[in-house]
1. Considering only residues that are modelled with pLDDT of 95 or more and in a loop (DSSP other than H, G, I, E, B), look in the stretch 6-18 and name the one that is farthest from the chain's Cα centre (by Cα).
2. Here are 156, 138: which of them is out of contact with any helix residue (DSSP H, G or I) (no Cβ under 8 Å at 6 or more places or on another chain) and either in a helix (DSSP H, G or I) or under 23 Å from residue 16 (Cβ atoms) (or both)?
3. Give me a count of the residues in the stretch 83-129 that are more than 13 Å from the chain's Cα centre (by Cα) and in a loop (DSSP other than H, G, I, E, B).
4. Name every residue in the stretch 156-174 that is in contact with a strand residue (DSSP E or B) (Cβ under 7 Å, 6 or more places away or on another chain), within 19 Å of residue 50 (Cβ to Cβ) and modelled with pLDDT of 95 or more, in order of residue number.
5. Every residue in the stretch 3-20 that is loosely packed, with under 15 Cβ neighbours inside 10 Å and either in contact (Cβ under 8 Å) with a residue 40 or more places away in the chain or within 13 Å of residue 178 (Cα to Cα) (or both), please.
6. Residues 52, 71: which one is buried (at least 18 other Cβ atoms within 10 Å of the Cβ), free of Cβ contacts under 8 Å to residues at least 60 places away in the same chain, in contact with a strand residue (DSSP E or B) (Cβ under 8 Å, 6 or more places away or on another chain) and assigned to a helix (DSSP H, G or I)?
7. Take residue 133 and decide whether it is outside any loop (DSSP other than H, G, I, E, B) and surrounded by 21 or more Cβ atoms within 10 Å (Cβ to Cβ).
8. If a residue must be free of Cβ contacts under 8 Å to residues at least 60 places away in the same chain, in a loop (DSSP other than H, G, I, E, B) and touching a strand residue (DSSP E or B) at 6+ places or on another chain (Cβ under 9 Å), how many such residues does the stretch 22-39 contain?
């Protein structure tokens, strides 16, 4: 059976401007170029998977319902531009600051690969021929642990320390730069 190629995108810092604990539509700002990049990825046959740690849920700053409301709005904005986001995976847990059922050490919180592995099974993905774009070392570590072929830093989110740059397969200024690289 043929497996699908995918690109995994971290949400905060890659899809939208990084702010602390974004959960309201009014606070969500798409990063310039993300729509064009995602449309090009769709046209090149990549399934787009968004994966995001959402410790704000676990900390009690907002609810899973808040997250789903924002996610549905975000997906609607992509759909208006004829972009298919295959799925969104999130981890609400935190091993230290979580409250109640969210206070746990899990396999889904990046740098663990749980979200990627789950997506791989559910969407029949060829991880070896897939890509990941993230702005934090935990993104890169999750991709590597899952066996994603190439894992890239993108400088539109958190500042990437120089010593981390060599741990990824590449460092790019924007998501469109990543798309140009993998489309060659």
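The values are calculated or read from the model by the stated rules, or taken from the named source; none is laboratory data. Everything quoted here is computed from the prediction, not taken from an experiment. Positions of Cβ are generated from backbone atoms using ideal geometry, with glycine treated the same way; all protein chains shown enter the neighbour counts.
1. 17
2. Working: 156 fails: out of contact with any helix residue (DSSP H, G or I) (no Cβ under 8 Å at 6 or more places or on another chain).
The conditions single out 138.
3. Matching residues across the stretch 83-129 total 19.
4. Result: 168, 172, 174.
5. Pass one, the stretch 3-20, residues loosely packed, with under 15 Cβ neighbours inside 10 Å: 3, 19-20.
Matches in the stretch 3-20: 3 only.
6. 71
7. Values: outside any loop (DSSP other than H, G, I, E, B): yes; surrounded by 21 or more Cβ atoms within 10 Å (Cβ to Cβ): yes.
In short, yes.
8. Number satisfying all stated conditions: 3.
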